[in-house]
Amino acid sequence: MTLNKFHQNKNDLERLKEISDKISKEYGCKIIIRPEQKLGNSHKKYQAFLAQNSYRKEIENKLEFLMNHSHTWEDFKTKARALNLKVDDTKKYTTYLLEGSEQTKKIRDRSLKNDKFLKENLKERIEKNTIGYSVDEVVKLWKDKESIQEKGQEKEIEILLEHWQVTKETEKDLVVTIDTAFDNEATIKIPARCVDKLENGHYKIFIKKGDRFSYIDKRSPANHKIMVGATVAKNLQRQSGNIPLYSDNVNIKLKQVFHEFDFLISQGLGFDRSFETIGEELKATYQETQHQLDKLDTKILEYVETTKTLPYEDTSIRDTIKN
């Protein structure tokens, strides 16, 4: 007896249920059948939610930027307009509207739930600035900031999970058992917002290299360990042979090249040096794509050669690759 308060959360309860079911099965006792659960969310729904609500974060980012690059309240409003942020302070509450976004209703400064974005606090902060920026300079600085942020943003890894890799599906997550080093097994939970269930019963998961997944080592159940997203992707690839897709690959470059083509055409520009430059980029990107496909072909052939003599309970993967 320690007289300390006993702490238990939902995850602990789920683990105890799993242990109880395992012991009951070993001794032939009755196992309580729980209703089958389905994922209550999905990656597709989550991305749609982010798209509809991302304007709040963008408004906060622009306010933070403008409060450091304005010298009067009127100057602040002028520069906000140049960044497509409409500021209305003619009524009781100051409101913001991010023009050209999913935002349909103005948002009050108080709704941002940060006192530094209240009008009186913004004005007080702006008055402390000593360096003056022109509107053009502010626009350029903001675009540079966005570009750096986009390049540094961590990209998602898309992985195909086959139904036999999934231990259990619940409302909140997908329970997956994967092989780790030294023939160990690790059971991790992938949040429903990172999963799309396909019509054929398989799953697509979307994780990032730096995502952290807690798991229990079966050899030492008392120890909780951490596996990062990059390791999860590698282990799942080794287990099924399905190669993860990294969204920061040449596919992005192709989209950027075609976007530049569309822009030049929309401006009514002729086939001058601009088109030649983009054409050279397109050719280089095509060659890089071809190089990646050649490497993929080599890996597939190596995989088939090393695994074709191994016994498989489920030969569908091997047969698919061979064909």
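The values are calculated or read from the model by the stated rules, or taken from the named source; none is laboratory data. No experiment lies behind these values; they were computed from the predicted model shown. As a convention, Cβ positions derive from the backbone with ideal geometry for all residues, glycine included, and neighbour counts pool all protein chains shown. In case anyone asks, the SASA skips ligands and DNA or RNA and just uses the protein heavy atoms, side chains included. Shrake-Rupley method; radii C 1.70, N 1.55, O 1.52, S 1.80 Å.
Screening the range 60-85 for residues that are assigned to a helix (DSSP H, G or I) and hydrophobic (A, V, I, L, M, F, W, C) and picking the one that is surrounded by the most Cβ atoms within 10 Å (Cβ to Cβ) gives Leu66. Taking the criterion of being in a strand (DSSP E or B), open to solvent by 10 Å² or more (accessible area, probe 1.4 Å), on the phi < 0 side of the Ramachandran plot and at pLDDT 80 or above, would at least one residue in the range 228-243 satisfy it? So far as the range 228-243 goes, yes, one or more of its residues are in a strand (DSSP E or B), open to solvent by 10 Å² or more (accessible area, probe 1.4 Å), on the phi < 0 side of the Ramachandran plot and at pLDDT 80 or above.
Scanning the range 60-82 for residues that are within 21 Å of the chain's Cα centre (by Cα) and either of a type in the set (A, V, I, L, M) or closer than 17 Å to Lys140 by Cα (or both) turns up just one, Asn61.
Of all the residues in the range 98-148, those that are open to solvent by 100 Å² or more (accessible area, probe 1.4 Å), within 18 Å of Lys57 (Cα to Cα) and in a helix (DSSP H, G or I) number 4.
Being in a loop (DSSP other than H, G, I, E, B) and of a type outside the set (S, T, N, Q) is a description that does not apply to Tyr55.
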